[in-house]
1. Translational D (Stokes-Einstein, µm²/s) of the range B:51-132 at 20 °C and 1.002 mPa s when Rh comes from the Kirkwood sum over C-alpha pairs?
2. I'm a student and want to see the number: the projected area of the Cα convex hull of the range B:310-378, averaged over all directions, in nm².
3. Using only alpha carbon pairs under 8 Å that are at least six residues apart, calculate the relative contact order of the range B:44-195 and give it in whole percent.
4. Size of the range C:152-269 along its principal axes in angstrom, Cα-based, largest extent first?
5. Going by a ≥ b ≥ c, the root eigenvalues of the Cα gyration tensor, does the range C:120-208 fall in the rounded group (a/c under 1.5), the prolate group (a/b larger than b/c) or the oblate group?
6. Over the whole of C:119-129, what's the average partner chain Cβ count within 10 Å per residue? Rounded to a whole number, please.
7. How are the Cα pair distances of chain C distributed, in percent, across 10 Å bins from 0?
8. How far is helix C:60-95 tilted off the main Cα axis of chain C, in degrees rounded to 10, range 0 to 90?
């Protein structure tokens, strides 16, 4: 078995990917105009004060050594200190992570639970009005921008019905965190669910026509079993790909959704970092998100191998 | 998968049930559009921070809603006849949040911190005039000034002059310890900040609330729904278009006041063709300011004629110098050799929607006199660098706010000021600013600063558009809310009627 | 199984109508999309303004027309960039084994892992927020998606009997790519192209929401929606029609893509 060598190669690949991301983001950010010292001191800053602050923040050092120092810190598990919050970046990320993580996870779970049965239904009734309806509705789901869905959900469930809070996060002594996550998770999940329905339906149909299903049928297996065993198992591969592809979009999309719903997650922290030119914070956030995406894709690849007997791990 | 779904459904149901639970009495939830960027008043320029920390820290002098300077931590003060020595007597029994008494030495230490270059106090220059601080006894602080400074007393009332006791210094950014009516309890960045009543506050009977929660709501559309559904008791900034609907709602009310600030279209006086006064005057005549007040700000503001808001006692009424007169504008452009019009790039600051909208209307109006406008939106960090400090622009929409003394408002136009981003050069103006900054007599000062405003208007240095109103929306049972000429949300006397 | 290809029919019709509208609308509309009458702001539909007016009294129909041109150029530009770049990189990575392919896919992973909104923000700050910036940002974000699909097609097709047979018969890699891999990969690539086109329109809306997309006085549907959110309680018209235009167009492109896939997929016939 090449499993160990494969895993090792994948792990090295992941590290290289994350380092590439960190390098890209570091140097891209340096090209972006704007000076953190100016943003911190505002319009009344004197040139001397700006110079002082730049020195204090280490902004007077050349780029190369700064990136090198940051990398060395990374090895020690130290992401540096936020220029604006003056606290360790790792601590800030740790505070925000749960919100984004729970939000993303909830959106994926919601999307999967909604998409699977609907896709099966459509596939079994392919070509009928039921199928057409499913296709149309899922297409419509893909056609609506999440932030727009979010605003509509706020109007319906907060303003009209008064069931859920319009935004913000749980205050101390105020019920549970979950009620604040329902609407944003829903808004995030609708496009994902629509995409999943589309892909699942398509691949189930394709798989059905493949030989091994025909063989299974010929062997006299009951119709339902054919669907659930073979079709679904094989259809999950493209579905995992979709999830992998969406992971980045979900984390990225959370920037907008967190802004609309005033959620204190990673997305808004990164937005804050960009506006304030807080490069250690931005750098930490980007690398963190990238690592999460890379990890999910790695798991996706592994699951590939488990789900599809034809692709052995050594191929990929 | 099935179990997961069940867990999800159950937890959703629980969440729905619990979200209806109300909070204790005496707790006020205030929706704010931006989060604090830390809690150290000496190390920030963020308006959001001063709005909040004024409840944790006190200043020696305070300002009333109508702009008068009144005692804060200082019960009284005396100014020597030459204007060089300010003697403050502290209130009796001021407690620091740690429980000890506030001493004169703490006040001196706080100002030494402001003046220490290592602190990086963004407005330290306001206090450089202090030559020495003396504390003859525990209740007396004497400031010796290098020169006469009429703005000194009002500068002591600004949020960035707050008295930060030495024990707060180490963690002032996220664990403030002051003398104010509320103590700091918790801050979850980008979410909320909680303050609790300080029982030993030096003003008996205050504050009236037990707890205050500042909740960050960046989206105005979410903010207004939060107010209407009761998720917040107060919305500290109502978007102009929402004022009418809040007023119409019997459960809600609006407290409003003209703001101590102005919006303008800055013109780069050094860039052709804007270096020609006639062109700048033509731009002034071509802009219908009232249409901007009505169109962008729903009537929530007042047209102005120079660099001063009408709430200031130093305000000069100059709105009739440049009435809306497109014909005369065209004529002036022709005189200046621009009968074919010209191309003007207006730089708009992101993410300030109202400045961007001001720019959009201005563009429409200028097109009508033949000026072809190109709008360029620039993100704030970039804007500061390019427009404000780099002076690399033609025209830009922006606002100026929040000082009590006219000098910081108007000294930016002196030839050698670093903040003279409009590149105005006028030796007479420079001279008069110097005179104003050294004049103590109030009537004389009013005369000087009105003359300065006239000079700016005559030279059409910029297009002074309007002074906006501030509207605060709140539940009908919230009482005691006041709006101040500096940007603070002072909650000392606010209470909820049951 | 010989059902009519409804998605192709419906999607094609929608896309054709949108394209025609974008092309010819300028000759039919009487209002300038950037000039408004403040006295007539936030009005509902009327004979003068069939879809009402916005907060500056500008004609919403004219602005939606202008938005359609921006939507088509942002979608078209970013998909073209992503498709060409992704196809090239994915094919090279799939055919060229060894470290070249490995490095290319790592680079694609890095790009895919880089939050797209952030990429757009950085580009907007550096190049200025405008449509061309959005096209570049979305195009870059699309490249790894197409590259992965192209590479997957290579990997799957390479194992098929007919490719092995062709190779045994002495066909070069370029020949195999052109004759076998491209035709087999095309349905999934085109399906993704339609999706990406739709996504581009939606993401542009999101970027405009954050103020990083199309800038005033130009009207994109995303920008119109983000302007409308401030006036939702006063004038729902302002929010309704740009949203509808966006949804219908995106729907059209999605259906068209599905139709193309069905038409090109030999197994479905």
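1. Working: Rh = 14.5 Å.
Translational diffusion coefficient: 148 µm²/s.
2. 6.2
3. Numbers: 254 pairs, mean separation 46.0, N = 152.
Here the relative contact order equals 30 percent.
4. 71, 31, 18
5. Numbers: a/c = 4.37, a/b = 2.95, b/c = 1.48.
It comes out prolate by the Cα gyration axes.
6. Details: counts 5, 1, 8, 9, 3, 7, 14, 8, 2, 5, 5.
If you average over the peptide's residues, the count of other-chain Cβ atoms is 6.
7. P(r) for chain C, in whole percents per bin: 7, 25, 28, 21, 12, 5, 2, 0.
8. It works out to around 10 degrees.
Here, each number is a calculation from the coordinates, and none is a lab measurement. Being a predicted model, the structure only gives us computed values, none of them experimental. Using ideal geometry, Cβ is built from the backbone for each residue, glycine included, and neighbour counts are taken over all protein chains shown.
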